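Just below is one structure, and these are the notes that go with it.
The values are calculated or read from the model by the stated rules, or taken from the named source; none is laboratory data. Computed from a prediction, not measured in an experiment: that's the story for all the values here. Reconstructed Cβ throughout: ideal geometry from the backbone, glycine too, with neighbour counts over all protein chains shown. What goes into the accessible areas is simple: the full protein's heavy atoms, side chains included, and nothing from ligands, DNA or RNA. Shrake-Rupley method; radii C 1.70, N 1.55, O 1.52, S 1.80 Å.
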Amino acid sequence: MKRVPTYVILGFTLGLLAPCLQILAGLPAIYFSFHGLRQVYQSDGQLGGERLAQAGLILGGLGTLISLVGFGLVLAMPWFARARQAESMNRLRLIGEALGAYSQNDDRLPAATRDPEKLAPPERLSWMADLLPHLQPGTRQQTRWGDLAAQLDRSAGWEARANEAVLNTPVLVFQCPSHPDYNPNQRPAPTHYVAMAGVGERAAYLAREDRDAGAFGHDRAVRLAEVQRGTSHTLGVLETAHDNGPWLAGDRPTVRGMPPGDDLLGPDKPFGGMHRGLTILLFLDGSARLFHNDTAGSVLRQQSRLRE
């Protein structure tokens, strides 16, 4: 029986460990197996273990490859997170542009819910339905959203059979790609963004003259002239991973007030929960800005009001 070089035995043994220990065993396995294989080839048939050495090389290479792929993924994760964050900001900016286009006609923002007026706000169509024709102007998608708006039966609520097809149509601009449960094919099609109604859980029902009223409310289409704080200092739309609902639905799925308390942004909080340590907020001037999740609730409530 031919003698097997020590290098071959070491290389094969480390190769067996390489899938678990990865690069820690993989590189030594490649080293010892290579030198062991060279000894076998140079022995002119006196030494054995060629297949063991080859197996050690393969297993060592596999373990090293697993490590390199893992390291690559770890290094790439921050890049992917930044890419999703940038896309989230872009989608909010598109909503801001659509709000700006809508308000150009009569200098008003859309009401949080409007049609049909005979129904209670939770049964009506949301403000997002009014934005459809103004989304992504100058692109092929704008035609698609315009056609979708034309399918709406504004004499029926969002749950009516007449609006079922629209309800189940995803509008990706209304979804955040960083949502923990992001699923663009979910039915009914959800939204991860809500309009700011002001201060308090029932803010959407406040009279437009109320000190705590915000930019969006049921039956109140706010004029930009009423925004005393200035559009760059007044919240319009916020992202949220909490209690999401259909984009076509009026009331809580698409419009909310700023609640009491000081811990309002982040996972399991009223708003945010999409990006590590940060939440993206859209202001009425169309700017999407990053806020740290430790931002004081008093600051957010101040920016939720139309008036000083």
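Some notes on this structure:
- The order of ILE66, ILE280 by accessible area, most exposed first and with a 1.4 Å probe, is ILE66, ILE280.
- ASP263-ILE58 FRET efficiency (beta carbon distance; Förster radius 35 Å; 0.05 resolution): 0.05
- The range 221-308 - Debye-derived log10 I(q)/I(0), Cα point model, q = 0.19, 0.20, 0.24 Å⁻¹: -0.90, -1.00, -1.32
- Long-range HN-HN contacts of SER126 with modeled amide H, under 5 Å: ALA249, GLY250
- Proximal charge balance of THR191 [Cβ under 11 Å; K/R count +1, D/E count -1]: 0
- ³J(HN,Hα), Karplus 6.51/-1.76/1.60, whole Hz, each residue of the range 224-238, x for Gly, Pro: 4, 5, 7, 7, 5, 6, x, 5, 7, 10, 10, 5, x, 9, 10
- For GLY236, residues with placed amide H under 5 Å, excluding near neighbours: LEU282, PHE283, LEU284
- Where labels lie 7 Å past Cα in the beta-carbon direction, separation of ASP181 and LEU24 in nm: 3.9 nm
- The range 139-259, accessible surface, carbon-and-sulfur percent (1.4 angstrom probe): 47 percent
- Accessible surface of ARG211, taken over heavy atoms with a 1.4 Å probe and every protein chain present, rounds to 130 Å².
- Cα radius of gyration and Dmax for the range 180-230 (Å): 14.5, 40
- Our coupling estimate for the range 105-113, obtained by passing each phi through the Karplus curve with A = 6.51, B = -1.76, C = 1.60 and θ = phi - 60°, is 5, 10, 6, 10, 8, x, 5, 4, 9 Hz, Gly and Pro reported as x.
- Förster-model FRET efficiency, 30 Å R0, LEU224 and GLU201, C-beta, rounded to 0.05: 0.70
- Order of exposure, largest accessible area first, which applies to PHE12, PHE291 with probe 1.4 Å: PHE12, PHE291
- The H on the amide N of GLY257, modeled in the peptide plane, is under 5 Å from the matching H of ALA197, ALA203, ALA204, each at least 5 residues off or on a different chain.
- Listed values for the range 133-147 are Karplus-derived 3J(HN,Hα) couplings in whole Hz (6.51 cos²θ - 1.76 cosθ + 1.60, θ = phi - 60°), namely x, 9, 7, 6, x, x, 10, 5, 5, 4, 4, 4, 5, x, 5, and x replaces Gly and Pro.
- Using 0.36 nm per residue and subtracting the Cα-Cα separation, the extra length available between ALA83 and GLU50 on full extension is 7.0 nm.
- Label-zone membership for the range 265-308, site HIS233, 7 angstrom Cα→C-beta point, backbone N under 14 Å: 284-285, 299-308
- The GluC sites (Glu not before Pro) of the range 195-236 that DSSP puts in a loop, and whose beta carbon has at most 10 other beta carbons within 10 Å, are GLU209.
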